[in-house]
1. For the range 102-139, what are the residues that are surrounded by 15 or more Cβ atoms within 10 Å (Cβ to Cβ) and more than 23 Å from residue 50 (Cβ to Cβ)?
2. If you take the residues in the range 141-165 that are under 14 Å from residue 115 (Cβ atoms), at pLDDT 85 or above and not polar (S, T, N, Q), which one is surrounded by the fewest Cβ atoms within 10 Å (Cβ to Cβ)?
3. Here are some residues: 224, 239, 230. Which one is surrounded by 14 or more Cβ atoms within 10 Å (Cβ to Cβ), out of contact with any Phe, Trp or Tyr (no Cβ under 7 Å at 6 or more places or on another chain) and not hydroxyl-bearing (Ser, Thr, Tyr)?
4. May I ask you to say which residue of 207, 219, 188 is outside any strand (DSSP E or B), of a type in the set (Val, Ile, Thr) and over 27 Å from residue 117 (Cα atoms)?
5. Since residue 131 meets every condition but one in (1) modelled with pLDDT under 85; (2) in a loop (DSSP other than H, G, I, E, B), which condition does it not meet?
6. Across the range 1-31, which residue is nearest to residue 129 (Cα to Cα) among those that are modelled with pLDDT of 75 or more and loosely packed, with under 12 Cβ neighbours inside 10 Å?
7. Here's a check for you: in the range 171-187, which residue that is out of contact with any strand residue (DSSP E or B) (no Cβ under 6 Å at 6 or more places or on another chain) and surrounded by 16 or more Cβ atoms within 10 Å (Cβ to Cβ) is farthest from residue 141 (Cα to Cα)?
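The values are calculated or read from the model by the stated rules, or taken from the named source; none is laboratory data. Predicted model only: the values in this text are computed from it and were never measured. With ideal geometry, Cβ positions are generated from the backbone for all residues, glycine too; neighbour counts draw on all protein chains shown.
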Amino acid sequence: MNLSDAELLGVPLKDVLLIIIVVLAAVVIGKTLSIYLTRVLRKRMTLDHVKIITKVVYFAVVFFSAMIIFPVIGFDLDSFIVAGGIFAIVLGFAAQSIVGNLISGIFLIFERPIKVGDVVDVDGTVGQVEDIRIISTTIRTFDGYFVRIPNLTVFNGKITNYFVNKVRRFEYTVGIRYSDDAKKALGIIQEVIDKHPFALKYPEPIIFVDRLGNSSVDISVKIWAPFTEWYDVKKELLWEIKCALEKEDIKVPFPQTEVWFNSKLDIEKTA
């Protein structure tokens, strides 16, 4: 009996050998891709996300291997494909939003417009990113609320990431009296900024008289700071500038209005 005519459980031996080779190849390819993706992605995303992606890739390899094996063992792929297509259509209509969130989550993981720990604004929700999952993203607001946002909303929405740039600018408008020396005030503000350890010299701060208001001369102050220290620097410098100006008798004026009369007023004097 020839080797080509031998059978194992009703399947020709040569087909059995082909099945074994395909299965072994699928396992080797799946494991190799999983290890490669783990090495490439572990520095770009969390371990949970890496595991999900590697499993998806591994089972995709197994699935395509099964498509090769089925015809060999006499399985009718045509009926399987038709049934699978009908099932996929029904499932697509039933879980349209879930599939959209799933695909958006995969894009977010690879594109990485936001990362865990970033402070972001996603369509008006401002806070720190706590977790990015396949279906949804969780943001902790500054009020302490945890907001779960579907990934489809995150991906299609307007995202402002405050942590992408390593430095961030903030600004004040400081009003002084018209009787005060504006040039002296500019020098005092510059000196206060230069003394602060986290106020950056490059990009350099900008200080100038911006507007002559109804009651004050308005000085615009624009300062850069590392994004990790930005909020503390903003709070500290405003108070230090106020104290330094008051020490030199330069004060913020109260709103005032001058009233002019066309005729001289008669003032009745009483004892």
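1. Those that are surrounded by 15 or more Cβ atoms within 10 Å (Cβ to Cβ) and more than 23 Å from residue 50 (Cβ to Cβ): 119, 121, 122, 125, 126, 127.
2. Step by step, filter the range 141-165, then rank; the result is 159.
3. None of the others qualify; the one that does is 224.
4. Going through 207, 219, 188 in turn, just one is outside any strand (DSSP E or B), of a type in the set (Val, Ile, Thr) and over 27 Å from residue 117 (Cα atoms): 188.
5. So residue 131 meets the others, but not (2).
6. The residue in question is 28.
7. Per the criteria, the residue is 180.
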